[in-house]
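The values are calculated or read from the model by the stated rules, or taken from the named source; none is laboratory data. Only a predicted model underlies this, so the values are computations on that prediction, with no experimental measurement involved. Using ideal geometry, Cβ is built from the backbone for each residue, glycine included, and neighbour counts are taken over all protein chains shown.
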Amino acid sequence: MDGVQSNGEGVGRSVPRKEDDRYLRGRGLFIADIRPQGTQDLAFVRAPVAHARVTAIRKPAGFEHCVFTAADLMGVLPITAVSGLPGFKQSSQLVLANGRVRHVGEAVAVCVADTRAEAEDIAELVEVDYEEMPAVSDMLAGMAVDAPRLHEGWTDNAFLSTRVDIGEASVRTNAAIVVRRTLRTARQHMAPIEGRGLVVQWDRRLEQLVMHSSTQMPHIVRTGLAECLGLPQEAVRIIAPDVGGGFGYKGILLPEEVVAGHLAMRLGHPIRWIEDRRESLTGGANCREHHYELTAYAHADGRLIALDCEAHVDAGAYSIYPFSACLEAAQVASILPGPYDFEAYRCSTWSVATNKPPILPYRGVARAGVAYAMETMIDAIAREAGLEPHEVRLRNLIPPEAMPFDNITNKHFDSGDYPQCLRRVVDAIDVPAFRARQRQATGPVRLGLGMAIFCEQAAHGTSVYAGWGIPMVPGFEQAQARMSPDGGLELRVGIQSHGQGLETTLAQVAHSILGVPIARMRVVHGDTGVTPYSTGTWGSRCMVMAGGAVAEACTQLAHRIARIGAHLLQCSVADVVVGDGEVRGPTGSVSIETVARTFYLRPQDLPEDVDGGGLDVTAGYKPERDSGTFSYAAHACTVSVDTRSGEIKLLDYAICEDGGVLVNPMIADGQVIGGVAQGIGTALYEEMAFDAFGQPSAATLADYSIPGATEIPVLRIDHMETPSPYTRFGQKGIGEGGAIGPPAAIANAVNDALAGIGARVDRLPITAARIVTAVMAARA
Amino acid sequence: MKAAAFDLAVPEDISDAATLLAGEDRRAMAGGQSLGPMLNLRATRPAWIVPLTGIAALHGAEQTSDAITLGAATTHAALADGRTPDLEGGVLARIAQGIAYRAVRNRGTIGGSLCHADPAADWLTTLTALDAVVLTTTRAVPLEGFVTGAYRTLLVQGEIVRAIRIPKPATGFHWRYHKLCRKPGEFAHAMAACLATTDGIRLAIGAVGGPPLLLTGDHVSLAGAEAVLGFLDPVDRCIQLEAVSRVLPA
């Protein structure tokens, strides 16, 4: 028997999202909706200074029993996330600071009360003596010989320094064009609409610490939490309820989770902590801050010869669990060359410890910065060569006939036609017509065209992560497919869906194999108690990994269904097919529902050789090659720039995305649109500045500017569909690509607009003030 | 981010409110769209809050041949929707439509906005250009001069803004208001409003860190604006002048 492609709800269909019914009606269950009887709320006393010795903490009189400091957390271990990369320097993050704080917002004490407001009242009364120390608020200054050290015993402030030098150094002398740029990206806050939060209690019957947490990776949190609390892992259950966005912000073991878990066991009643926006902004601006020194060498015709890069990544104060402090910089070095083929490459990176919140990987991770860096250099070469930017790209992109292709940093590009992808957005924008309009616009409002092409490695497997030696290495992904006695299907997966629509797309995968209507499926996720172990939702891995695992489990389930169905039809199993919700034989068919009823309720009708494992299968999956899928996209946009006011308008935005086989094209478009919105934030709006003392500049969303509906233009999205040769349906991860392209494309467009007056902006975000500053400098 | 405990004293009428506000450590609350977040951030922590929008006398609007008078508790939404009298050409409605976003407009009030005196607030700059007068429980004060600094006004303890009187310019007037914001609905980083009538010309420049700068008569020009904006850094000044240039008559 074979699984057959089934009716209209399977892979490839834009099925409406199952989960949207409860979301759109406001009937979801998010972390702050959970408040068991007897719950007490936490408020943390957080450091108001970036770097200080804590010389004394005084609990307010009468409240000693409900205030806890590091000294009270006996037996609780610090969070450590060591990388196995040579030279990595370890940090140790105490869940409540003891003796020293290293960033504003670091928790120093915690207060427990019946309500959050009362807990905040107590927190105000806690007196902490800080002896301030010089802060490292800039990553470049932090590498100075005499910079204050973040961690004791460190010889410099770099968690890790890396260097690669590939290819023949002398080829650089062949260059007719040498261009240099210094670029900087801003520190950002991911700002999911729902912040972090948790509700935890000790379950006396199961003898288990049960924690609801707004997390992307419940199993990883369980592993890390159990280690910090000294519990065996079976004594911890993590449940992620509905989660209102993650983007990486919730891909971490939190100090707050450890503190709350300890207090729940100690106090014997439920404990809750709901992060507020001020906490998340002042202590959670933790991503994207890079600095690049770049030199590109090219022939006169724009063909790239070599690229040299020195990249600093502001890694913040600690190495976070599980991703560590060096993931971002390691990515910079390995992915900077992108989809371009050239001869020689040098890259040095520094993951610099600073007195800022610890760095977390944000949607696209280093790629948003890297694409900005690489695509800026391509435009710089184009300008020197006197060529259209797309022409230079076409001369350097990996050609389709070279696929699969191992690039200069040994990244294995699985498939794709990058030049065609770029040509499609160039055609969509109509570059010649735009250039004609641009030539007319010689007044104070200038026009510009920018583009970017980049790849998105997704579903990284064991071979990618093992070398980094961080606490988490993905292996096989499992899924459980479990039939109910009335023919319904439960799919249990260890990943977590927090906006990606996986309750729908995983059901679509199962539907393609079994034909059970997706209305009769439940996708159970985000709960360590009932799902197989998983590293969780990150790196655009779920559709490839969990999708593959669901397909495998359903395929094995289909075999078992076929055997019972064949018996009921009195024919050979070789003569039946499973699909469309039934088992079909040569002379008739029997529904899967009847098969399920038979197995569970009328076992007397089963064949003697029935599989005793029943209609309940857990199966594992790994792609044929686990170096990751490579989806890719080209973005092109046009802008107007008012050189007097600094206003930027996005006039047109065209995207061509190749995510391989799309399980649900509507959801894929949604992923692209949401990502682009965040990318526009990176390009034009979002920046958490820190002053020389390490103080963050914003405590509310009035000061930290994120784009809203009015800032997102209509996006024209085109798709190519080059199946991955290695995955179950040819699907590729595409959760992050939308966020990667905009900074590069928009910055190139703005600088194209400013080129006519000799101005340029070399840092993100590109604000009105930065435009006007550049214009004034050019005119001076 | 929960407010510290406070007591609520709900007044029955204006004189009751004036009495309640006369004591120490009290704050009047109109729409609460700025005060609410400040309370939650514990940036302000009065012992008593006295809500004003329930007082009937603070609502309503009237117009005469030469002026429109709006109750202090008139919401931005009421103005934006045209539910109040307006100047010719819907001047007030258009200003109100650009304030923050609908949820804020539904509760935020014109009187509350002036009393809060945020330097970048829309009403403060536009009504200064329109030569409005603030009517309090004890006096009538021209808006020019009512605000003494960022978040500071002439109001004394227990004094309440009852209404705003906006003179009607003679038919055929020139009116322009422009603000530069990173996003629609955000507080502006540069703003200017200009009214020109047969009687003269008034230019108000806002979002400059204190009360709006008012120029009249011959001083109304780009050069005049540049002269009073010398305290800004060159980039901010350049952007602010662009806002000015967009409101000046051709």
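Some points to look at:
- Conditions (1) within 14 Å of another protein chain (Cβ to nearest Cβ); (2) more than 19 Å from A:Ala70 (Cα to Cα); (3) assigned to a loop (DSSP other than H, G, I, E, B): number failed by A:Gly105: (2)
- A:Arg172 being under 32 Å from the mean Cα position of the chain (by Cα) and not acidic (Asp, Glu): no
- Hey, A:His567 crowded, with 18+ Cβ neighbours inside 10 Å and either outside any loop (DSSP other than H, G, I, E, B) or in the same structural domain as A:Met521 (by TED's automatic domain parsing) (or both) or not: yes
- Any hit, segment A:184-198, residues being within 30 Å of A:Ala61 (Cβ to Cβ) and surrounded by 13 or more Cβ atoms within 10 Å (Cβ to Cβ): yes
- Given (1) over 24 Å from A:Asp626 (Cα atoms); (2) more than 14 Å from every other protein chain (Cβ to nearest Cβ), number of the condition A:Ile706 does not satisfy: (2)
- Entry remark, segment B:108-153: residues being among the basic types (Lys, Arg) and either in contact with a helix residue (DSSP H, G or I) (Cβ under 6 Å, 6 or more places away or on another chain) or within 18 Å of B:Ala17 (Cβ to Cβ) (or both) number 1 in total.
- Flag for A:Gly675 being surrounded by 18 or more Cβ atoms within 10 Å (Cβ to Cβ), modelled with pLDDT of 95 or more and out of contact with any Ser or Thr (no Cβ under 8 Å at 6 or more places or on another chain): yes
- The combined condition, being over 30 Å from A:Gly467 (Cα atoms), without any contact (Cβ under 8 Å) to a residue 60 or more places away in the chain, more than 14 Å from chain B (Cβ to nearest Cβ) and not in a loop (DSSP other than H, G, I, E, B), is fulfilled by A:Ala71.
- Flag if B:Asp218 is more than 11 Å from chain A (Cβ to nearest Cβ), of a type in the set (Asp, Glu) and in a helix (DSSP H, G or I): yes
- From the list A:Val578, A:Val544, A:Val573, the lone residue that is touching a residue at least 60 places away in the same chain (Cβ under 8 Å) and surrounded by fewer than 24 Cβ atoms within 10 Å (Cβ to Cβ) is A:Val573.
- Any hit, segment A:748-766, residues being small (Gly, Ala, Ser), out of contact with any helix residue (DSSP H, G or I) (no Cβ under 6 Å at 6 or more places or on another chain) and under 30 Å from A:Phe405 (Cβ atoms): yes
- Restricting attention to segment B:135-172, the residues that are modelled with pLDDT under 95 and not in a loop (DSSP other than H, G, I, E, B) add up to 0.
- Applying the criterion of being more than 13 Å from B:Val244 (Cα to Cα) and at pLDDT 95 or above to the residues of segment B:189-199, the residue that is nearest to the other protein chains (Cβ to nearest Cβ) is B:Ala196.
- Where a residue in segment A:678-697 is within 14 Å of chain B (Cβ to nearest Cβ) and its partner, wherever it lies, is surrounded by 24 or more Cβ atoms within 10 Å (Cβ to Cβ), with Cβ under 6 Å and at least six apart: A:Ile680/A:Pro742; A:Ala683/A:Pro742; A:Ala683/A:Pro743; A:Ala683/A:Ile746; A:Leu684/A:Ile766; A:Glu686/A:Gln188
- 1 or more residues in contact with a helix residue (DSSP H, G or I) (Cβ under 7 Å, 6 or more places away or on another chain), closer than 30 Å to A:Thr528 by Cα and more than 14 Å from every other protein chain (Cβ to nearest Cβ): qualifying strands (runs of 3 or more DSSP E) within segment A:113-216: A:197-203, A:208-213
- Within segment A:284-316, considering residues that are outside any strand (DSSP E or B) and touching a Lys or Arg at 6+ places or on another chain (Cβ under 6 Å), the one modelled with the lowest pLDDT: A:Ala285
- For segment A:692-712, a tally of residues being part of a loop (DSSP other than H, G, I, E, B) and either within 19 Å of A:Ala677 (Cβ to Cβ) or of a type in the set (A, V, I, L, M) (or both) returns 11.
- In the condition set (1) within 14 Å of chain A (Cβ to nearest Cβ); (2) over 30 Å from A:Arg116 (Cα atoms); (3) more than 21 Å from the chain's Cα centre (by Cα), B:Gly98 is compliant with all but (3).
- Any hit, segment B:106-121, residues being of a type outside the set (Ser, Thr, Tyr), under 15 Å from B:Glu186 (Cα atoms) and not in a loop (DSSP other than H, G, I, E, B): no
- Conditions (1) modelled with pLDDT of 95 or more; (2) surrounded by fewer than 23 Cβ atoms within 10 Å (Cβ to Cβ); (3) over 21 Å from the mean Cα position of the chain (by Cα); number of the one not met by A:Pro665: (3)
- Qualifying residue in segment A:23-35 (condition: over 30 Å from A:Ala698 (Cβ atoms) and touching a residue at least 12 places away in the same chain (Cβ under 8 Å)): yes
- Members of segment B:173-188 found to be within 12 Å of chain A (Cβ to nearest Cβ) and within 16 Å of the chain's Cα centre (by Cα), listed by number: B:His178, B:Lys179, B:Gly185, B:Glu186, B:Phe187, B:Ala188
- Residues being more than 14 Å from chain A (Cβ to nearest Cβ) and out of contact with any strand residue (DSSP E or B) (no Cβ under 6 Å at 6 or more places or on another chain) - total across segment B:20-46: 6
- Flag for B:Gly230 being under 22 Å from the mean Cα position of the chain (by Cα), in a loop (DSSP other than H, G, I, E, B), more than 12 Å from chain A (Cβ to nearest Cβ) and modelled with pLDDT of 95 or more: no
- Being of a type in the set (S, T, N, Q) and within 23 Å of A:Gly244 (Cα to Cα) is a property that does not hold for A:Thr555.
- Checked against (1) hydrophobic (A, V, I, L, M, F, W, C); (2) within 13 Å of another protein chain (Cβ to nearest Cβ); (3) surrounded by fewer than 23 Cβ atoms within 10 Å (Cβ to Cβ), B:Val244 passes all but a single condition, namely (3).
- Scanning segment A:582-627 for residues that are surrounded by fewer than 16 Cβ atoms within 10 Å (Cβ to Cβ) and in contact with a His (Cβ under 7 Å, 6 or more places away or on another chain) gives a single hit, A:Pro607.
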